[in-house]
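The values are calculated or read from the model by the stated rules, or taken from the named source; none is laboratory data. Source: prediction; values computed, not measured. Here the Cβ positions follow ideal geometry from the backbone for every residue, glycine too, while neighbour counts run over all protein chains shown.
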Amino acid sequence: MQKTCPVCKKRFVDKNHPNRTYCSLKCSSISQKKGIMKICKTCEKKFYVRDCEKSRKFFCSKTCFYKSRKGKIPAYTFPKGNAPLCPFPKGHVPWNKGKTGKESIHFKGIIKDRGYILIYMSAHPFCNKKKYIKRSRLIMERKIGRYLTNLEVVHHINHIRDDDRIENLMLFSNNSEHHKTHFPSEESKKKMSLAHKGHIPWNKGLKIK
């Protein structure tokens, strides 16, 4: 039985697919398009335009668009070197130059770095280059009544770096003592090795080709 394609009006026969409507995939894809056909203003060639572009697209390609602009004065011009002119005169000083710390517009007095809470204290003798110091160290100094040295370390017991409650803080005299809380001792390492003794790895006996 012969059928007529609703797109190109061509007659075709397909015994394998009796429910087929279009003669080809091209006609099938064209039928699904919901745009309109327009005529290019440069080459006068018909081209497809989507509904969202039909009010602002008048050329079939960029080549046709540039041909239409040839000989016309552009809407904007750049000086030699293809760079826009600076609106400020030479030697102009920006309003925010040199404004750091409290003078900065983004200053809030408290920041977060790698999970730790830091507070701006320029008068503290052990603050960093940006005049900030960890809140946990300030709380520990308030408890013991003196400044902490550079060797002393404040440890968070529950390993949450922004939990600076005094009951969650522990003071160590140096970094080596602090590391012992994070890494197990030699005896605990031996116990862990004995617990895993006799374990068969998943790749034992497998040969790599």
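Computed quantities for the displayed model
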{"item": "Selection within the stretch 168-192 - at pLDDT below 85 and either farther than 15 Å from His156 by Cβ or charged (D, E, K, R) (or both)", "result": "Lys180, Phe183, Pro184, Ser185, Glu186, Glu187, Ser188, Lys189, Lys190, Lys191, Met192"}
{"item": "Breaking point among (1) surrounded by 11 or more Cβ atoms within 10 Å (Cβ to Cβ); (2) at pLDDT below 90, for Asn203", "result": "(1)"}
{"item": "Any hit, the stretch 134-148, residues being in contact with a helix residue (DSSP H, G or I) (Cβ under 8 Å, 6 or more places away or on another chain) and assigned to a loop (DSSP other than H, G, I, E, B)", "result": "yes"}
{"item": "Selection count, the stretch 86-133, where residues are on the phi > 0 side of the Ramachandran plot, outside any loop (DSSP other than H, G, I, E, B) and surrounded by 13 or more Cβ atoms within 10 Å (Cβ to Cβ)", "result": "0"}
{"item": "Some residue of the stretch 40-47 being loosely packed, with under 14 Cβ neighbours inside 10 Å, out of contact with any helix residue (DSSP H, G or I) (no Cβ under 7 Å at 6 or more places or on another chain) and either in the same structural domain as Lys3 (by TED's automatic domain parsing) or closer than 30 Å to Gln2 by Cβ (or both)", "result": "yes"}
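Residues checked against (1) modelled with pLDDT under 85; (2) part of a loop (DSSP other than H, G, I, E, B):
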{"site": "Val7", "(1), (2)": "yes, yes"}
{"site": "Lys15", "(1), (2)": "yes, yes"}
{"site": "Cys23", "(1), (2)": "yes, yes"}
{"site": "Lys34", "(1), (2)": "yes, yes"}
{"site": "Cys43", "(1), (2)": "no, yes"}
{"site": "Cys52", "(1), (2)": "yes, yes"}
{"site": "Phe58", "(1), (2)": "no, yes"}
{"site": "Lys67", "(1), (2)": "no, no"}
